[in-house]
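The values are calculated or read from the model by the stated rules, or taken from the named source; none is laboratory data. Because the structure is a prediction, the values reported are computed rather than measured. Ideal geometry is used to build each Cβ from the backbone, glycine not excepted, and the neighbour counts take in all protein chains shown.
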2 protein chains.
Amino acid sequence: MTGSTTDHMLTVTWSNSTGWGAPAIVPYAPLPLDPSATVLHYANECFEGMKAYRSKRTGKIRVFRPDLNAKRLNMSADRIALPSFDNDEFVALLCAFAAVEERWLAWSGNATMSDTDENDFLYLRPMMIGTTPRLGLSKPNDAMLLIIASKLPSWHSRPLRLLASSPEESVRAWPGGFGYAKVGANYGPTLKTQSHASSLGYDQVLWLFDADKRLVTEAGGANFFVVWRTEDGRVEFVTAPLEFGTVLDGVTRRSVMELVRERMPEISVSERHFSVDEIVAAVDSGRIIEAFACGTAFFIAPVGEIGISGRDVKIPLKVEGKSGEYARTARRWLEEIMYGEIEHAWGVEVN
Amino acid sequence: MTGSTTDHMLTVTWSNSTGWGAPAIVPYAPLPLDPSATVLHYANECFEGMKAYRSKRTGKIRVFRPDLNAKRLNMSADRIALPSFDNDEFVALLCAFAAVEERWLAWSGNATMSDTDENDFLYLRPMMIGTTPRLGLSKPNDAMLLIIASKLPSWHSRPLRLLASSPEESVRAWPGGFGYAKVGANYGPTLKTQSHASSLGYDQVLWLFDADKRLVTEAGGANFFVVWRTEDGRVEFVTAPLEFGTVLDGVTRRSVMELVRERMPEISVSERHFSVDEIVAAVDSGRIIEAFACGTAFFIAPVGEIGISGRDVKIPLKVEGKSGEYARTARRWLEEIMYGEIEHAWGVEVN
């Protein structure tokens with residue numbers, strides 16, 4: 001995920017005494033930040049990841065479930081001592097910004113754009129930072145909300161290779177912490193373990209929690225699903241639950257679960273604690289069906305292999321050796337909504 | 001801890017391709033940071049807290065054990081995917097910067113400055129941030145090391161009132177996490193619990209770990225010591241151990257332990273896990289002697305009360321109702337070194 005930012009940025013400043021100021025969409029430019037600004041010392045920062053798409057039917061710009069991102073950004077801001085805002089106003093600003101940057105989204109002029117990995121999108125990054133110049137540790141009195149955008153390439157080059165972490169050595173999040181919030185403090189600290197995984201040829205870390213139970217939580221900065229046949233023969237989608245506060249309530253995670261429950265009622269969708277050893281057992285007994293990571297940046301990324309306790313466990317990729325069938329289906333379902341191929345309440349068109 | 005920054009800042013930039021650039025001491029000014037700089041999204045930031053003092057004998061500027069801060073900043077930088085540097089060069093830069101800002105330290109012109117809470121100091125804040133403009137989560141290719149300074153008032157207004165946290169609800173650090181590093185990610189996330197404690201009239205949170213064992217870790221952003229008489233009659237200084245990686249290896253913490261071990265060999269100094277319930281038992285059985293928080297910003301701050309499970313547990317303050325005797329002694333010992341009243345290897349004079 002590299003890429004370059006677009007021409008503009010949306011900024012709104014906040015102060016404890018006067019509240020939110022007037023939003024402005026201005027040329028993209030450096031922010032003059034006081035060296036003692038709290039964001040640079042105490043990580044008073046949170047963000048969202050979203051994408052803007054161009055409708056394949058109308059050519060209009062669309063966003064996907066922006067209400068969920070608004071709500072989550074508010075929750076993250078609260079967790080990291082930053083101010084709250086009105087969700088609807090945020091969505092209106094987001095749409096206004098996406099409209100200004102629409103030239104970054106290709107438009108073929110007809111509805112025949114191919115359904116491939118080349119689907120175009122613009123990555124949107126809402127963010128909030130604490131700007132009060134003060135070395136004393138306390139809730140900032142000043143903040144800034146920004147929306148910036150970046151033209152990222154699509155991730156989907158090949159199936160992911162994950163490396164299961166050693167929870168004795170490295171833990172991403174813990175109960176009573178902040179793993180459920182999209183705050184900077186959840187990301188920088190993962191880079192050391194991530195670098196180690198990269199140096200061994202893995203794409204992302206599969207974060208385990210609890211040295212005894214070895215519970216699966218997230219894959220890199222994305223949620224993780226495994227699909228297997230249970231011992232009594234049902235097909236089950238399993239992902240880590242939100243109850244410990246160690247897992248992000250991902251928009252893609254939630255959307256996949258909702259669509260599968262609605263459209264494939266014969267399948268069990270379970271949010272529950274599960275061990276990486278259950279994955280090994282499912283592989284060894286032939287019950288494994290597939291696995292995928294999901295998130296806005298990764299979208300739905302099939303997993304082909306997981307390094308677990310020194311063994312590279314192979315996960316089936318039945319569709320051309322590139323994806324599982326359920327991951328492919330879920331991806332298509334979401335793309336239809338994102339790219340406006342069908343009418344759906346989750347697809348919000350920008351006017 | 002509020003205050004205003006001084007006139008200058010020291011800056012050194014780093015890039016992955018060319019390494020560290022030439023340091024410069026320049027007028028204090030805003031940093032122009034790209035809105036996609038990694039520090040604003042992924043908390044690639046770490047810092048140190050130090051103080052400069054003026055020698056009561058020679059009038060020269062002094063710093064305290066700067067080698068330990070250099071080493072810890074390097075360790076924190078490594079933990080948060082920022083570059084390493086040469087410890088000795090860092091200390092030289094720090095001393096050069098302190099010399100430039102020496103006018104911020106009062107000089108009475110003689111050796112009779114009073115030994116009171118009014119002892120003057122300049123707070124120094126070395127910091128490092130990741131500046132690469134890139135939304136993809138990876139180790140930054142660019143960074144900046146800064147040293148800024150602030151004229152902070154002394155904390156010592158009155159004994160601290162601490163509120164023991166509920167480890168079911170809120171946990172500062174976790175084994176396998178990063179609680180031992182001075183990274184921003186350890187601070188912003190504590191503000192919500194800190195605000196709650198403040199709203200109830202407490203100064204700082206006494207962070208407990210493990211809902212069953214209720215182990216004491218840190219007090220706010222400082223280390224914590226309790227002094228009691230053991231059941232077999234010895235005087236014991238107790239503080240949380242470093243082994244879980246959940247506690248900062250504080251310079252003041254370490255210095256207090258080293259001085260007590262050297263100068264009061266009859267006292268036991270224990271780095272070990274201990275429960276907040278042991279404090280309650282020591283209070284109830286009359287074995288408690290005193291407690292204090294310690295860190296660079298707080299220095300040695302006597303604790304007068306701890307809110308534990310709905311009860312405000314009183315801690316003795318035998319010296320004028322303001323401090324325990326050991327805290328007062330340790331503070332004097334350290335001040336003698338910091339203010340150059342005695343020759344000691346820990347006091348480094350700036351030329």
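A few points about this structure:
- Number of positions in region A:1-13 that are within 12 Å of another protein chain (Cβ to nearest Cβ) and under 30 Å from B:Ser150 (Cα atoms): 1
- Where strands (runs of 3 or more DSSP E) fall entirely within region B:278-336, those with at least 2 residues that are touching a strand residue (DSSP E or B) at 6+ places or on another chain (Cβ under 9 Å) and crowded, with 19+ Cβ neighbours inside 10 Å are at B:288-295, B:299-308.
- Enumeration of residues in region B:261-277 that are touching a helix residue (DSSP H, G or I) at 6+ places or on another chain (Cβ under 8 Å) and part of a strand (DSSP E or B): B:Val269, B:Glu271
- Residue among A:Thr132, A:Thr190 that alone is at the interface with another protein chain (Cβ under 8 Å from one of its Cβ atoms), touching a strand residue (DSSP E or B) at 6+ places or on another chain (Cβ under 8 Å) and not aromatic (Phe, Trp, Tyr): A:Thr190
- When residues in region A:193-207 are screened for being crowded, with 23+ Cβ neighbours inside 10 Å and within 8 Å of another protein chain (Cβ to nearest Cβ), 1 of them pass.
- Hey, B:Glu341 touching a residue at least 40 places away in the same chain (Cβ under 8 Å) and crowded, with 19+ Cβ neighbours inside 10 Å or not: no
- The numbered conditions (1) more than 21 Å from the chain's Cα centre (by Cα); (2) surrounded by fewer than 19 Cβ atoms within 10 Å (Cβ to Cβ) are all true for B:His273 except (1).
- Among residues of region B:243-271, those that are in contact (Cβ under 8 Å) with a residue 40 or more places away in the chain and touching a Pro at 6+ places or on another chain (Cβ under 9 Å), counted: 4
- Those residues of region A:46-81 which are more than 21 Å from the chain's Cα centre (by Cα) and within 14 Å of chain B (Cβ to nearest Cβ), in sequence order: A:Ala81
- When residues of region A:14-45 are limited to those that are polar (S, T, N, Q) and in contact with a helix residue (DSSP H, G or I) (Cβ under 8 Å, 6 or more places away or on another chain), the one nearest to B:Ile147 (Cα to Cα): A:Thr38
- Yes/no for A:Val238 being in the same structural domain as A:Val283 (by TED's automatic domain parsing), among the β-branched types (Val, Ile, Thr), at pLDDT 95 or above and in contact with a Pro (Cβ under 8 Å, 6 or more places away or on another chain): no
- When A:Ala37 is tested against (1) at the interface with chain B (Cβ under 8 Å from one of its Cβ atoms); (2) surrounded by 23 or more Cβ atoms within 10 Å (Cβ to Cβ), exactly one condition is not met: (1).
- Of all the listed residues (A:Arg158, A:Arg172, A:Arg229, A:Arg214), the sole one being touching a Gly at 6+ places or on another chain (Cβ under 7 Å) and among the basic types (Lys, Arg) is A:Arg172.
- Count of region B:193-211 residues which are in a strand (DSSP E or B) and touching a Pro at 6+ places or on another chain (Cβ under 9 Å): 3
Results for (1) aromatic (Phe, Trp, Tyr); (2) part of a strand (DSSP E or B); (3) at positive phi; (4) surrounded by 16 or more Cβ atoms within 10 Å (Cβ to Cβ), shown as yes or no for each residue.
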| position | (1), (2), (3), (4) |
| --- | --- |
| A:Ala185 | no, no, no, yes |
| A:Pro189 | no, no, no, yes |
| A:Lys213 | no, no, no, no |
| A:Val216 | no, yes, no, yes |
| A:Val227 | no, yes, no, yes |
| A:Leu248 | no, no, no, yes |
| A:Ser255 | no, no, no, yes |
| A:Leu259 | no, no, no, yes |
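- Taking each residue of region B:225-242 that is closer than 13 Å to B:Gly324 by Cα and looking for partners that are surrounded by 15 or more Cβ atoms within 10 Å (Cβ to Cβ) and of a type in the set (S, T, N, Q) with beta-carbon atoms closer than 6 Å, six or more apart or interchain, yields B:Phe225/B:Thr239.
- The set of residues in region B:78-106 being without any contact (Cβ under 8 Å) to a residue 60 or more places away in the chain and basic (Lys, Arg) consists of B:Arg103 alone.
- Residue-level analysis places A:Ser170 outside the set of residues that are of a type in the set (Ser, Thr, Tyr), surrounded by 19 or more Cβ atoms within 10 Å (Cβ to Cβ), in contact with a strand residue (DSSP E or B) (Cβ under 7 Å, 6 or more places away or on another chain) and facing another protein chain (nearest Cβ under 10 Å).
- Applying a threshold of 7 Å to beta carbon distances and a minimum spacing of six or more residues, or different chains, the list of pairs starting in region B:152-177 at a residue that is among the acidic types (Asp, Glu) and ending at one that is modelled with pLDDT of 95 or more and part of a loop (DSSP other than H, G, I, E, B) reads B:Glu168/A:Gly176; B:Glu168/B:Ala211; B:Glu169/A:Gly176.
- Annotation note: of A:Leu160, A:Leu145, the sole residue that is over 30 Å from A:Gly21 (Cα atoms), of a type outside the set (Gly, Ala, Ser) and modelled with pLDDT of 95 or more is A:Leu160.
- Single residue of region A:241-270 satisfying the filter (among the acidic types (Asp, Glu) and modelled with pLDDT of 95 or more) that is farthest from the chain's Cα centre (by Cα): A:Glu266
- The residue that is nearest to the other protein chains (Cβ to nearest Cβ), counting only those in region B:14-34 that are within 23 Å of B:Ala92 (Cα to Cα) and among the aliphatic types (A, V, I, L, M), is B:Ala29.
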